[in-house]
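This report concerns only the one structure given below.
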Amino acid sequence: MVYSFQLWRHPNIHYREAVQRLSRCELLAMLSSLSVETNIQEEYIGSAAFLTFESRPLSLAELAWLRRHSCIVFMAEKRDCFLLPLSVSSASFLPEELPEVLKYKGKTSPAFSRMMLNIALSMSRYAHSDLPVTVLDPLCGRGTGLFSALLTGDNAVGMDEDSRDLKEAGDYFSRFLKLHRLKHTLSVGSETVRSHAVPSRVFRFAPTKEQFQKGDTRYLSLYEGDTALAASLLKKSPAHILIADLPYGVQHAPQTGRHPEPFQTMLLRALPSWRKALRPGGAMALSFNTLTLKAETVRSMVSDAGFSLCDSPAFSGLSHTVEQAIIRDLVFATVPEHS
């Protein structure tokens, strides 16, 4: 059977080609988690971009999984030159505007965050778990990656040293829950980790009152502290997936005292902790600016920290220009099952 999926048309014409490459990689990973190995062709029908592939017939549940793809807007079966629409709804745990509404300079695209999340989840052994997974963003900023995880019904844990960013993320989510009249609780406190006081805000919520009363809830935890404390904070309940979009320039670099901490120094401290914050069989998606960190350097540090790098050719060649001073690349890695 031949399937053809239409991709979202990105408004930035310079980034549009990269979206197709990234989307193809994402779809390959998601299909692989279904034990479907195939060649995916990029093609245009009129001015619309499609990803087309041949496979065994896919079940409704499998098509629903693929519908999570960050850039797919239309799914069809292809017969000769005809497209037969597939009725596959996009079932979000929370209203779809959650990652989109909060605007700020330097915001990571929610679609890019969802792409990282889908690839990492597909590479992990938790891709089709019956229970919600926990997604850790150890450099969460104002929470785009976290909100993308909540959208699909997963739990989210965010860490950052910038109290203003975390407050804005927390205040926005609180307003969002109240606006949509979603049953929730909020716990504000502090945890002592390795002699450090780590302020926390923990939201627990559900789409309906009935689900909340039955205990069918999800949580968002926000921690204000050094990213290298991640392993200690999540020691009792490690995450399944880690996504991180590293700061792009010196002005965004982690702060230690009055001076920015070099990116490489921060990663050397953080990566061993990030690995311990993940369960065996978990996975990480890491994006970074190659003008401030070379890809070979990042890959070497990730490997040295005990991760297993993804070396598949399908996941290479993903470097792309975001803007003049940012050429973004990605590294994907897993935590060995016996670690």
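The values are calculated or read from the model by the stated rules, or taken from the named source; none is laboratory data. Quick caveat, the model's predicted, so the values are computed rather than measured. Methodologically, a virtual Cβ is constructed for each residue, glycine included, from the backbone with ideal geometry; neighbour enumeration extends over all protein chains shown.
Remarks
- Residues in segment 65-96 that are among the small types (Gly, Ala, Ser) and buried (at least 17 other Cβ atoms within 10 Å of the Cβ): Ser70, Ala76.
- For Val135: the one exception among (1) in contact with a Lys or Arg (Cβ under 6 Å, 6 or more places away or on another chain); (2) part of a strand (DSSP E or B): (1)
Every residue, every condition in (1) in contact with an Asp or Glu (Cβ under 8 Å, 6 or more places away or on another chain); (2) part of a helix (DSSP H, G or I); (3) polar (S, T, N, Q), yes or no:
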position: Glu26; (1), (2), (3): no, yes, no
position: Leu31; (1), (2), (3): yes, yes, no
position: Thr38; (1), (2), (3): yes, no, yes
position: Glu42; (1), (2), (3): no, no, no
position: Trp65; (1), (2), (3): no, yes, no
position: Met75; (1), (2), (3): no, no, no
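- Any hit, segment 296-312, residues being farther than 18 Å from Trp274 by Cβ and aliphatic (A, V, I, L, M): no
- Scanning segment 298-327 for residues that are surrounded by 13 or more Cβ atoms within 10 Å (Cβ to Cβ) and either modelled with pLDDT under 95 or touching an Asp or Glu at 6+ places or on another chain (Cβ under 6 Å) (or both) yields a total of 12.
- Glu77 outside the structural domain of Tyr219 (by TED's automatic domain parsing), within 30 Å of Asp226 (Cβ to Cβ) and of a type in the set (Asp, Glu): no
- Checking Ala91 against (1) in contact with a strand residue (DSSP E or B) (Cβ under 8 Å, 6 or more places away or on another chain); (2) among the hydrophobic types (A, V, I, L, M, F, W, C); (3) outside the structural domain of Arg204 (by TED's automatic domain parsing), the condition it does not meet: (1)
- Only one of the numbered conditions (1) at pLDDT below 95; (2) out of contact with any helix residue (DSSP H, G or I) (no Cβ under 9 Å at 6 or more places or on another chain); (3) closer than 27 Å to Arg21 by Cβ is violated by Ala111, and that is (2).
- Single residue of segment 147-203 satisfying the filter (more than 21 Å from the chain's Cα centre (by Cα) and in contact (Cβ under 8 Å) with a residue 40 or more places away in the chain) that is surrounded by the fewest Cβ atoms within 10 Å (Cβ to Cβ): Ser163
- Meets criteria (under 19 Å from Leu136 (Cα atoms), modelled with pLDDT of 90 or more and in a loop (DSSP other than H, G, I, E, B)) for Pro336: yes
- In segment 204-231, the residues that are of a type in the set (Gly, Ala, Ser) and without any contact (Cβ under 8 Å) to a residue 60 or more places away in the chain: Ala206, Gly215, Ala228, Ala231
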